[in-house]
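S.K.: Supplied in structure tokens, the structure appears directly below.
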Amino acid sequence: MKFRLSLALATLLAAVPAHALKAEQVVEREILIQNADGTEVTARQPAAEVAPGDRVVYTVLYENDTLEPAEDIVLTQPVPDTLTYVEGSAERD
């Protein structure tokens with residue numbers, strides 16, 4: 001009985017991939033801060049609430065937790081229909 005249980009457990013564990021791609025989405029809005037000297041700086045804060053005309057920034061952070069290269073990766077991070085993509089604004093590091 002122990003052998004069968006161990007074999008079933010080993011088979012189950014072998015079916016689970018040893019690695020995964022981890023992804024996280026961060027949603028922020030850009031704000032303009034005016035310094036005491038009159039200069040302006042753009043900063044970001046969590047986008048708990050946004051108003052029409054606000055610039056909303058979606059950042060997708062991902063990590064391959066193995067030494068093996070990941071191939072054929074597809075990340076699906078939905079953006080609400082009420083937002084409009086600004087053409088050419090996508091960047092990557």
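The values are calculated or read from the model by the stated rules, or taken from the named source; none is laboratory data. Everything numeric in this text was worked out from a predicted model, so none of it was measured. Note that each Cβ is placed from the backbone with ideal geometry, even for glycine, and that neighbours are counted across all protein chains shown. Keep in mind that these areas ignore ligands, DNA and RNA; they rest on the heavy atoms of the full protein, side chains included. Shrake-Rupley method; radii C 1.70, N 1.55, O 1.52, S 1.80 Å.
S.K.: Stokes-Einstein diffusion coefficient for region 25-93 at 4 °C in a medium of 1.567 mPa s, Rh from the Kirkwood formula over Cα pairs: what value in µm²/s?
M.R.: Taking Rh from Cα pairs, D becomes 87 µm²/s.
S.K.: OK, next. Just to verify a number: what accessible area does residue 84 come out at with the full protein assembly present, 1.4 Å probe, Å² rounded to tens?
M.R.: 120
S.K.: Here's another thing I want to ask about it. For residue 33 and residue 66 in the same chain, what is the full-extension length gain: residue separation times 0.36 nm, less their Cα-Cα distance, in nm?
M.R.: This chain segment gains 7.8 nm when fully extended.
S.K.: So, one more: Residue farthest toward the positive end of the dipole of region 20-92, with Cβ of Lys/Arg at +1 and Asp/Glu at -1: which of 89, 70, 33?
M.R.: It is 33.
S.K.: Just read off the accessible area of residue 55 with the full protein assembly in place, 1.4 Å probe, to the nearest 10 Å².
M.R.: For residue 55, the solvent-accessible surface is approximately 120 Å².
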